[in-house]
Every structure is written in C-alpha cells, then in structure tokens.
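Here the structure comes first, spelled out in structure tokens, and everything after it is commentary.
None of the figures in this text is laboratory data; all of them are computed from the coordinates on show. Everything quoted here is computed from the prediction, not taken from an experiment. Because the Cβ atoms are built from the backbone with ideal geometry, glycine has one as well, and the counts that use them run over all protein chains shown.
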Amino acid sequence: MKKKPFVTGPWPKLQRHWDIRAACNFIGGGTGTGLLLAAAAAAAAGQTFAPALAAGLCFIACGLTMVLLEIGRPWRAFNVFFHPQTSWMTREGVVALPLFGCGGLALLIHWAGGPGQVVAGLTGLAALTACGFLYCQARILRAAKGIPAWREETLTPFLLSSGLTEGFGILAGLAAIGLAPSWAPLAALGLGLLRLAAWQNYGKGLSARGVPAASMAAIQNIGPAFLIVGHGLAALLLATSVPWPGLAALSAIGGLLLAAAGWWAKQTIVMKAAVTRGLSIPRTPVRGSGTSRLVNKPNWETEAA
Amino acid sequence: MTRYVMVADLRRCVGCQTCTAACRHANATPPGVQWRRVLDLEIGEYPEVQRVFVPTGCQHCSDPPCVAACPSTATRQRADGIVTIDYDICIGCLYCALACPYEARSKVDEPVYAYGDDPTASETARFDPRTIGVAQKCTFCVDVIDAGVAAGLTPGKDRAATPACANACISGALTFGDIDDPNSAVSRLLRENKHFRMHEDAGTKPGFYYLWDKEALPL
C-alpha cells in the first residue's frame, strides 16, 4: 500500500486574535436577543416583561463592552460604523443603536408608568432589531474566510437557535422567581430541541465541507456533555416543571443548563475550533528531471468535495 | 489598467530568507512580525522526500476578504490591486486577520525591540507609533512603487520602483510587476510556466502566483 505523503510545515493553527472577550460578545448578543424576543411576546400579551427586557439589554451591552476591551484602539471604536456596505461588524454596530434606543426607551416609559401599548410597541421594535443584531453576529463568523469551522453555512442557524435558546433558558430562570411569564419553560424546551437539531446539522456540515482536524476534535470533544447535560438533562428538568409549576427550581436549573450549554458551545467555536486553514500548496515544483507531486492539505480531517 | 502582482518561482527559491530580511529592513517591522515569510515544507516519506520553500505574505487578492470584513474602511484596495491599511483609522479589531486565509496580518500591542527592553538607535529613529494596536501586513512597498512611478520608473523593472523582497532575492525567484502589461516580466513568466495560486478554492483571486513547472513548448 502506497504511503500517503506527509507534509511538515505551517500547519493549521489556533487563531490567537480573538479571545474570551470576543466569545462573550457572541454569548451576550445571543442571550440578550432571546430575552428581548421573550420580553416582546410577554409585553404584547400584557404579561411581566420588564426584567427580561432589562436583562436582555444588559447581556448585549456587556458583550459589546467586552469587544471594546479587546480592540487595539478602543478610543477609535466609533470607526466601526464606517463600512456598512460589506462589513457585518459594521452592520452589527449600526443595528445596535436602534436596539438600545427602543429598548431603553421602553424601559423608561414603563417605569414612568407610561401607556402599555407604546411600551409593547417599543419592546417589539427592540426585539426586531435584536434579531437583526444576532443575524449580523452569525454572519460575522461566516465571513471569516481564514477559519474553516466558521465558514460552514450551517453555523448560522446554530448561532441563531442557540442565541434564542440561551435567552429563553434565562427566561425560565426568571419565571421560577416570578419575574417572567409561566410559559417560559415550555418555550425554552422547544427552542432547545431546535438548537439540538441545528448542532447536529453543524457537525454534519463540518464533516462534509472538510475542516482542520483540530477544529473537528474541539467540536467533537464537547459533544457528549453538550448533548446529555446541556440538552437531555435540561429538557428533563424543564419538562418535569411544566405539569408541576410548584417545581419551579427544576425549571430554573434546566433553563440555566440550556443557556450555559450554548455559552460553552460558542466559547468552543470562537476559541478552540477556530483553527486556520494552514498554508499548504497544491503541488510541489518540478526540479531537474524530477516530477511534481500533488499535496493534500496537511492536518485536515477530510477533504472538501 | 495596472494590476501589480508577485510571481514566486518555487523551482528557484532556496529558502535563504533574504527577502524576509530585506522586508524587515525596508519596513522596520518589529521582532516576530514578518510581512514576507518563506515557508519550509518537507513533503513525502523517505526516501521520496521533497523540500519546498514557499515565499508568502499578503497576496493582495483581487477579491480581498479583509477589505470586505474591515468595519472601519482602514483596509482598502487601490486601483492597481494593492491592498493597504490606513493605520490612522484602523481600530485593531483584527477581524481582517481572521478573514485572511493566508495568515498575512499581525498586530503588535506594544513596542518590541530586537535587543532587550531598550530600542537601538535605528529602532528609535524608525519607530512608527501608528502601527501599535492596529493591523499590519505587506504593502508591496507601496511607497517605493508610488515614488518610482512618479519619477517615471517601471515597478518590477526598475529597482527603485520595486518591492524590497523582489530586489533582494538572490536566486531570481521573486518577480514583481504589472500583469496587465503583456510585456512585463511577470506576464512572460506566467505565459511560459505552469502556475497556481494558494487556496484558490477560497475565491479570493490572489495576486501572488507560484510557478512550478515550465509550460510545454508549442509544436
């Protein structure tokens, strides 16, 4: 059997440009969007919504603050708004403005005892822009051509579903202490199942596209705990609390597990699976009477079709 | 139109790193930052092993993902294909570095010197504070090109209008020039040799070509 040629050289390597601060932005943005969406639904139904709205705005603000701490020139942060034509990072920043404007105004009017319909409308607008914010975040990763694990198109639905799941998971926690509607655990349960499907789809997409082995290993490493604890156990706790509202603590734990699982997955995707393509060449040069040899991408799990 | 590209003949490169040294000298990059790198690849199993030296760096792509990603428009592409960074508006988010499939970008958060904590006289004289905390990469020595063109010189032909790496190459492996000029050295090399570009599947259309064999002569 002919041996497969090996290549020593610049392997695919873990990116070091974005760290936990960047991961926190994706965590905060997703969770915050989920909470804002839940707050909008609750506000429209005339139910308790303010805690979810405030928490959602805080999550998103914290995420953006972490990014501010990561960039090399934080005093120039305003320059992030310069390139809406093509940059998803600019679009994320632009969408954040009406998000905080509507959300903040809704809270102020609510606390001032203003008309409920206006508050519900503003909360709905905040939730709508938050969905755009989350979509921009998902596309930020997709546009990073240097990181194969982020280029996978099935990452977008995973990030969208995970963000909403995390938010509704926190909402289930708030519901347990009476700060959110009682339907929160059921909604979190449904979204968790949706995220599970998106995660499986993401894994299949990575296998089909072909990514560096280290990326695949990072994703596979979290798989069992992510599935069993982050979804199986969380779903069991949430499902148990649905027919017995007296077991609110179970619902809170289940919701927090759902949220934490999403945070863990995002931290893994941004920090551990973010392996570069490497700098391979497709073939060797012909020198003298020698021949050229085709070269596989070194340290890749599979070859892209 | 003009489209500047670099051609690297992989049959000629001997991995001496003179281009790397010349680039660092010309652009005063700090330790650990190489705008022009030479990869040392060992391919195959004994006894059928080939060693290949691959000059690399910013590929000045025709469809540069770094330009699309940049939120501040600090990274731009000129009409002649050269991708530049405006250090004065870059926010240092390094999104461009993650968008680049060629690992061509670096960031230095604080001044680094070659010999300990204190800069040498040369480092003091050439230190550019604008490069701290922002993205940096190969510019194809754009200042040299612009000055040369303004003086009526031809980049790739006249040394005073040519990037330092191509000027310094001891084996004639690196050639710079205008691919839109059919009479340029790069156009001739690409006509007469088989070539590829790195990560062509990424769709970035790099302006950096690698020669690997001579073209079959027409009958």
Legend entry - Pair residue A:291, residue B:127: separation of 7 Å Cα→Cβ label points (nm): 5.7 nm
Inset, instruction - Please give, to one decimal in nm, the separation of the simple spin-label points placed at residue A:21 and residue B:1, each 7 Å out from Cα toward the Cβ. - result: 4.0 nm
Inset, instruction - Find out how many positive minus negative residues lie around residue A:258, taking Lys and Arg as positive, Asp and Glu as negative, among other residues whose Cβ is under 14 Å from that of residue A:258. - result: +1
Inset, instruction - Please list, in chain and number order, the residues 5+ apart from residue A:283 or on another chain whose amide H is under 5 Å from its amide H, with Hs placed from the backbone. - result: A:295
Legend entry - Distant-in-sequence amide H partners of residue B:108 (H built 1.01 Å from N, under 5 Å): B:133, B:134
Inset, instruction - Provide A:89, A:66, B:1, B:6 in ascending order of the number of other Cβ atoms located within 10 Å of each residue's Cβ, fewest first. - result: B:1, A:66, A:89, B:6
Inset, instruction - Enter the angle in degrees (range 0 to 90, nearest 10) between the Cα long axis of helix B:18-27 and the first principal axis of the Cα atoms of chain B, meaning the one along which they spread out most. - result: 40 degrees
Legend entry - Whole-Hz couplings from phi, Karplus 6.51/-1.76/1.60, listed for region B:134-146; x for Gly and Pro: 10, 6, 9, 6, 4, 10, 6, 6, 4, 5, 5, 4, 4
Inset, instruction - With θ set to phi - 60°, apply the Karplus curve 6.51 cos²θ - 1.76 cosθ + 1.60 along region B:181-190 and write out the HN-Hα couplings as whole Hz, x wherever there is a Gly or Pro. - result: 9, x, 9, 6, 4, 5, 5, 5, 4, 6
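At a Förster radius of 56 Å, what calculated FRET efficiency corresponds to the Cβ-Cβ distance of residue A:58 and residue B:194, to the nearest 0.05?
Efficiency, rounded to the nearest 0.05: 0.45.
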Legend entry - Degrees separating the helix A:213-227 axis from the principal Cα axis of chain A, which is the longest one: 30 degrees
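Summing -39500 (n - 2.57) over the DSSP H runs of n ≥ 4 in chain B and dividing by its residue number, what mean residue ellipticity at 222 nm do you reach, to the nearest 500 deg cm²/dmol?
About -5500 deg cm²/dmol.
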Inset, instruction - At 7 Å along the Cα-to-beta-carbon direction for both residue B:114 and residue B:216, put a label point, then send me their distance in nm to one decimal. - result: 5.0 nm
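Arrange the peptides A:284-293, B:194-203, A:123-132 so that the one whose residues have, on average, the most other Cβ atoms within 10 Å appears first. Don't jump to the answer; show the numbers that get you there.
Working: A:284-293: 14.2, B:194-203: 16.4, A:123-132: 23.1.
Result, highest mean Cβ count within 10 Å first: A:123-132, B:194-203, A:284-293.
For region B:72-156, state which chymotrypsin sites (Phe, Trp or Tyr not before Pro) are in a DSSP loop and have at most 10 other beta carbons lying within 10 Å of their beta carbon. Numbers along the way, then the final one.
Working: sites: B:87, B:95, B:102, B:113, B:115, B:127, B:140; in loops: B:87, B:102, B:113, B:115, B:127, B:140.
Counting only loop positions with at most 10 other Cβ atoms within 10 Å, the chymotrypsin sites (Phe, Trp or Tyr not before Pro) in region B:72-156 are B:115.
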Legend entry - Between 0 and 90°, nearest 10: helix A:50-70 axis offset from chain A longest Cα axis: 30 degrees
